[in-house]
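The values are calculated or read from the model by the stated rules, or taken from the named source; none is laboratory data. Small disclaimer: the values here were computed from a predicted structure and weren't measured. Note that we place each Cβ from the backbone using ideal geometry, even for glycine, and neighbour counts take in every protein chain shown. When the accessible area is computed, the model is the full protein with side chains, heavy atoms only, and any ligands, DNA or RNA have been set aside. Shrake-Rupley method; radii C 1.70, N 1.55, O 1.52, S 1.80 Å.
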Number of protein chains: 2
Amino acid sequence: MKRKLGVILLSGGLDSTTAATLAVQAGYDLIAVTVHYGQIHSREIDAATRVADALGLRQEVVDVSFFRQLAWYSALTNPDRFEIPEGRVPEDMTADIPITYVPMRNTFLLSLASAYLESQVLNVLELEGASPDSVEAALFIAANAIDYSGYPDCRPEFYDSLAETLRLGSKIGTQYGVPFTIETPLLQMTKADIVRQAMSTGAPLDRTWSCYEGGVAPCAKCDSCLLRAKGFAEAGVTDPALTAE
Amino acid sequence: MKRKLGVILLSGGLDSTTAATLAVQAGYDLIAVTVHYGQIHSREIDAATRVADALGLRQEVVDVSFFRQLAWYSALTNPDRFEIPEGRVPEDMTADIPITYVPMRNTFLLSLASAYLESQVLNVLELEGASPDSVEAALFIAANAIDYSGYPDCRPEFYDSLAETLRLGSKIGTQYGVPFTIETPLLQMTKADIVRQAMSTGAPLDRTWSCYEGGVAPCAKCDSCLLRAKGFAEAGVTDPALTAE
């Protein structure tokens, strides 16, 4: 049986927690990478750490504050300059890519996750002496193409191309013949699908945090809280985070 | 005539300074991105800023310290654990990729540079109202395949694949049909070729810094100083940095 090494981008929200749980259950020796952008509140990072603990994952937390300065043309990185449109869930597949698109966000996040994954795989190959045939390497990202239709970096053809680029640009891909796969288990799921999947696999949803605000409890008013509540309502499930201590 | 927008990864060394000069002379409206890894000495960043000033470039300096933590399997990011081999310039094309390879370094650096370039291009398209047909977007990197033969992320097939990935993952590529090109003007040059190219184009070499040490003057002993000196010697030119104030 192959040794399955994986790195997941874990924010501590509903989606990435569900994806992490699926990866662990699929047999991956998984490590979590949590990025932060120098937020004032650390509620999200705390949630990611609690999720990683619940799943028994090693976690690396990294400060990528500088990325806002570079990917500046977006309402998410530059809210003073660009307005977040009302009704942030675009339904019209033919519409322009919205201003909430963050330039190269997923390319950037997966490139740094791949650097970590390649380091882990090289360690197993070169220091532990594993055979290249016995190792698999997968990057997990909880991207979703249903709720955010139209983002170019949430499409399968983008992930396929990136996986090939990572193979060509890496030592594990070119010297050892170990390709990267990019796993997007939630790509075609609705929020209700994700909730159902999370509940059936026992994902530690009580530890997750989706709210944009930094309060003690979720605000229940922001877009993220509303989207999450809609998902639980459609799945007919009570959100465990609302009753957690 | 097309408006040529470019971003260059500028370290302030001989190679990236030469590449920047070539890009400016090719008519690019160029911006410099300088990354640092939390170095103790800022001599390199100072040099990059002085080069950017000499070329009239806007510069963004960003702290990517976290990258060492992720790309840990390398003698360059983790010198306590891995030894830098003597004679660091591999001549044997069939040899294994050396331990000085930094996992996904160029993928990572170009992904963050591309986020900035896409932001600049979106600004020109959406706020200044330029036609997509009138704009070109290029990333410049002073990668070299002669002195560091064997690095997978210094090969043309890697850059071609990455350019296609950036197109597929971006708003400018998919909505506006503006592709990214990745320009590697020094890829096939020897160090002597680079010195000759730099001298003939008037690159501000007096402002560059290649030494690994943080002294007032270059140490003339480290690998980087030696490689630079060899290039100048072979080109038959006196290094302007050695006589600069």
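Numbers at a glance
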{"item": "Axial C-alpha extent at least 20 Å, average Kyte-Doolittle at least -0.5 - helices from chain B (DSSP)", "result": "B:105-122"}
{"item": "Contact order relative to length of chain B, as percent, for alpha carbon pairs under 8 angstrom and 6 or more apart", "result": "24"}
{"item": "Residues of segment A:160-176 buried by at least 40 Å² on assembly (accessible area, 1.4 Å probe, chain alone as reference)", "result": "A:Ser161, A:Thr165, A:Leu168, A:Gly169, A:Lys171, A:Gln175"}
{"item": "Apportionment of accessible area to carbon and sulfur, chain A, percent (1.4 Å)", "result": "51"}
{"item": "For segment B:45-86, convex hull volume per residue from C-alpha positions, Å³", "result": "107"}
{"item": "Most to least accessible of B:Met1, A:Met199, B:Met104 (protein chains only, probe 1.4 Å)", "result": "B:Met1, A:Met199, B:Met104"}
{"item": "Estimated distance in nm for a label pair at B:Asp29 and A:Ala233, the labels positioned 7 Å out from Cα along Cα-to-Cβ", "result": "4.6"}
{"item": "Estimated [θ] at 222 nm from DSSP helical runs (n ≥ 4, -39500 (n - 2.57)) normalised by residues in chain B, nearest 500", "result": "-11500 deg cm²/dmol"}
{"item": "Length-normalised contact order of segment A:1-73 in % [C-alpha pairs under 8 Å, at least 6 apart]", "result": "34"}
{"item": "Cα-centred dipole magnitude for segment B:96-245, charges only on beta-carbon of K, R (+1) and D, E (-1), debye, nearest 20", "result": "320"}
{"item": "Qualifying lysines (Cα of each under 28 Å from Cα of A:Lys4; at least 8 residues distant if same chain)", "result": "A:Lys171, A:Lys191"}
{"item": "Protein accessible surface hidden between B and A, which excludes ligands and nucleic acids, total in Å², probe 1.4 Å", "result": "4300"}
{"item": "Centre separation in Å (Cα based) which lies between segment B:14-31 and segment B:215-233", "result": "23"}
{"item": "10 Å Cβ neighbours from other chains, averaged over peptide A:53-65", "result": "2"}
{"item": "Cα-centred dipole magnitude for the protein assembly as shown, charges only on beta-carbon of K, R (+1) and D, E (-1), debye, nearest 20", "result": "200"}
{"item": "Per-peptide average of other Cβ atoms within 10 Å, ordering A:228-238, A:67-77 highest first", "result": "A:67-77, A:228-238"}
{"item": "Whole-angstrom Cα spans of segment A:165-214 along principal axes, big to small", "result": "43, 28, 19"}
{"item": "Radius ratio Rg over Rh of the protein assembly as shown, counting only Cα atoms, Kirkwood formula for Rh", "result": "0.98"}
{"item": "A:Ile182 long-range amide H proximity, modeled H, under 5 Å", "result": "A:Leu139"}
{"item": "Contact order relative to length of segment B:95-181, as percent, for alpha carbon pairs under 8 angstrom and 6 or more apart", "result": "34"}
{"item": "Measure of compaction for segment B:149-188 (Cα Rg per 2.2 N^0.38 Å)", "result": "1.31"}
{"item": "Förster radius 30 Å - calculated FRET efficiency between A:Met199 and A:Ala220 (Cβ-Cβ, nearest 0.05)", "result": "0.90"}
{"item": "Relative counts (whole %) of C-alpha pair distances in segment A:88-245, using bins that are 10 Å wide", "result": "9, 30, 30, 21, 9, 0"}
{"item": "Restricting segment A:140-209 to chymotrypsin sites (Phe, Trp or Tyr not before Pro) in coil, as DSSP defines it, with at most 12 other Cβ within 10 Å", "result": "none"}
{"item": "Charge sum, other residues only, whose C-beta stays under 11 Å from A:Tyr159's C-beta, Lys/Arg counted +1 and Asp/Glu -1", "result": "-4"}
